[in-house]
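**Q** My structure is below; once you've seen it, I'll send some questions.
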Amino acid sequence: MANYSRRDFMRNSVLGLAALPLGAGILSKTAFAQDLPRLDPSAANAQALNYVEVASEASDHPAYEEGERCDNCMFYTADNQGCQLFPQNSVEPAGWCQSWTSAG
């Protein structure tokens, strides 16, 4: 019976060690995602989509409607404040751009 327990321990240890690289890869991607630099509204790609850091500043834009913000847009990623339209940057949750699309 003691050999059976030792065998279980060895099998579980090997499986746990095999999973370490996968876990480390997931953690490093998460850490990287949280370190995205904030999108500069004066950057060419931000200006192309009329990005502003405060949605109400876009009130004179014809596409803007009250209540539209980055944090309720389908392109927004809450865990890293990222945006699929600006994959190298994070965006201000209270911001807005003309590509805003309802998340719901």
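The values are calculated or read from the model by the stated rules, or taken from the named source; none is laboratory data. Every value quoted in this text rests on a predicted model; they were computed, and no experiment measured them. Note: accessible area is taken over every heavy atom of the protein model, side chains too, but ligands, DNA and RNA are not part of it. Shrake-Rupley method; radii C 1.70, N 1.55, O 1.52, S 1.80 Å.
**Q** Could you work out how much longer the chain between N72 and A48 gets when fully extended? Use 0.36 nm per residue separation minus the Cα distance between them, nm to one decimal. Let's see the in-between values first.
**A** Working: separation 24, 0.36 × 24 = 8.64 nm, distance 2.05 nm.
Full-extension gain reported as 6.6 nm.
**Q** Express in nm, to one decimal, how much length is gained between N80 and A103 on full extension, taking 0.36 nm for each residue of separation and deducting their alpha carbon distance.
**A** Working: separation 23, 0.36 × 23 = 8.28 nm, distance 1.65 nm.
Difference between extended and current length: 6.6 nm.
**Q** I'd like the carbon and sulfur percentage of the solvent accessible area for segment 33-73, probe radius 1.4 Å, heavy atoms only, ligands and nucleic acids excluded.
**A** 46
**Q** What full-extension length gain, to one decimal in nm, is calculated for E57 and R6 as 0.36 nm per residue of separation minus the Cα-Cα distance?
**A** Numbers: separation 51, 0.36 × 51 = 18.36 nm, distance 6.64 nm.
Roughly 11.7 nm would be gained on extension.
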